[in-house]
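*Asks:* Below is one structure. I have some questions about it.
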Amino acid sequence: PLLRMNALEELELEYLPAEILGDFFTALNDSTCRVKTLKLNVFRPGSLISSQAILNQVASMLEQNSCLEELHTGIDKKISIANLGVALQRNTSLRVLDLWFMGVCKKNDVDVFLDLLENYNTTLQVMEGFLFHLPKIDKETNQKINKIHFLLELNRNHQRDRLLGATLQHHADAEDPTIDDWVDVIISSKNNVSVLFYYLTINPSLMLAKY
């Protein structure tokens, strides 16, 4: 009943019995739930998501959820978060993913989130925590992390959803951008060479268009 209160937009939990996890995540996905910020400080040991099974339930919830905008939680060092990235291919509401680690994340996780942002998700804007927990980062992985940060910036500050939402899987029902949409974004980003290069690479016809 608590989750069905329309006025409840932020929820922070310090304790959540394992036996009610399924019911809890089901309630979060109820059409009447209005929780926008979820802080899960409840899993043990050390207030972490401490098993892959629990993380799988979180991922399943995110895949179906259409209201949650921020998720904050801790992740045990043994766990891969790749399934979160897969789940967010279908999520259109989450903007902040704050994951603090007791350990280091895995390179495969970086690959999954890069694929997510390149090919599916234009909604996620902020990722805290896990990108800063890679030991002795090799050049290739560092380039991938930089690309993730760049795509997050595009989502956050440069209207990527407006231009590419219709072409990505999770926004397949969105309207195609008009020439006015492209021109507006290009003009607003004119002082950022990286952003201009990114959009002109995607739509090189803009360089030839008469407007």
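Derivation of every value follows stated rules applied to the coordinates shown; laboratory data play no part. Because the structure is a prediction, the values reported are computed rather than measured. Glycine also receives a Cβ, built like all others from the backbone with ideal geometry; neighbour counts cover every protein chain displayed.
*Asks:* Determine the sum of side-chain charges near residue 10: Lys and Arg each +1, Asp and Glu each -1, restricted to other residues whose C-beta is under 13 angstrom from that of residue 10.
*Replies:* -1
*Asks:* What are the ³J(HN,Hα) values, in whole Hz, obtained from phi via the Karplus relation 6.51 cos²θ - 1.76 cosθ + 1.60 with θ = phi - 60°, for each residue of segment 55-62 in sequence order, with x given for Gly and Pro?
*Replies:* 5, 4, 5, 4, 4, 4, 4, 5
*Asks:* Show me, for segment 76-91, the HN-Hα J-couplings you get by feeding each phi into the Karplus relation (A = 6.51, B = -1.76, C = 1.60, θ = phi - 60°), rounded to Hz, glycine and proline as x.
*Replies:* Per-residue couplings from phi come out as 5, 5, 7, 9, 8, 9, 4, 5, 5, x, 5, 4, 6, 4, 10, 8 Hz.
*Asks:* For residue 74, list long-range residues whose amide hydrogen, built 1.01 Å from N in the peptide plane, is under 5 Å from its own amide hydrogen.
*Replies:* 49, 100
*Asks:* Could you tell me the extents of segment 62-105's C-alpha atoms along the three principal axes, largest first, rounded to whole Å?
*Replies:* Extents along the principal axes, in whole Å: 30, 17, 11.
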